[in-house]
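Enquirer: Quick one: this structure, given as structure tokens, is what I'll be asking you about.
Derivation of every value follows stated rules applied to the coordinates shown; laboratory data play no part. It should be emphasised that the depicted structure is a prediction, and the values quoted were computed from it without experimental measurement. Neighbour counts run over all protein chains shown; Cβ positions are idealised from the backbone, glycine included.
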Amino acid sequence: MGKLTEDERGDLAAILSSPELNDPRVHADREVGQQLADFLRKDMPDVDEVVLGRILLRAAVTITQLGDRGMPLERIANIFTLSAVDLTALELARDARPRDE
């Protein structure tokens, strides 16, 4: 199982202790977040939950930073899509090789 770094533990503790987390407007976001977590658990049972959480936390921070700079949602989505392509390029290249019959 993946382990959180001390910085990640601190970030998550700050999030959990945030007064905004108890705001009723955040309740719906929390439910959708739980649904996403449940979906990822079912869709990727071979991936460690802590690793998934670390990835989502870093993605959320990056999305927030890019959005705060005024970057349009479409560009943010493109950046994440191209990152996924980059991370999976070797696997995609293996799939594209001709197979011996």
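Enquirer: Residues with beta-carbon under 14 Å from that of residue 88, excluding residue 88: net charge, scoring Lys, Arg +1 and Asp, Glu -1?
Expert: -2
Enquirer: Residue 92 to residue 40: extension gain in nm, 0.36 nm per residue of separation minus the Cα-Cα distance?
Expert: 16.6 nm
Enquirer: A further question follows. Tell me the angle of helix 24-43 to the major Cα principal axis of the chain, expressed in degrees between 0 and 90 and rounded to the nearest ten.
Expert: With both axes taken from Cα atoms, the answer is about 30 degrees.
Enquirer: Describe numerically, in nm with one decimal, the distance between label points set 7 Å from Cα along Cα→Cβ at residue 3 and at residue 27.
Expert: 3.9 nm
Enquirer: To continue, here is another question. Under a no-solvent Debye model with one identical scatterer per Cα of region 20-101, what's log10 I(q)/I(0) at q = 0.15, 0.16, 0.26 Å⁻¹?
Expert: Once normalised to I(0) and log-transformed, intensities are -0.79, -0.87, -1.27.
Enquirer: Something else now. Assign one of three labels to region 10-52, namely rounded, prolate or oblate, based on the Cα gyration tensor with a ≥ b ≥ c the square roots of its eigenvalues; rounded applies when a/c is under 1.5, prolate when it is not and a/b is larger than b/c, and oblate otherwise.
Expert: Oblate is the answer for region 10-52, as a/c is 1.5 or above yet b/c matches or exceeds a/b.
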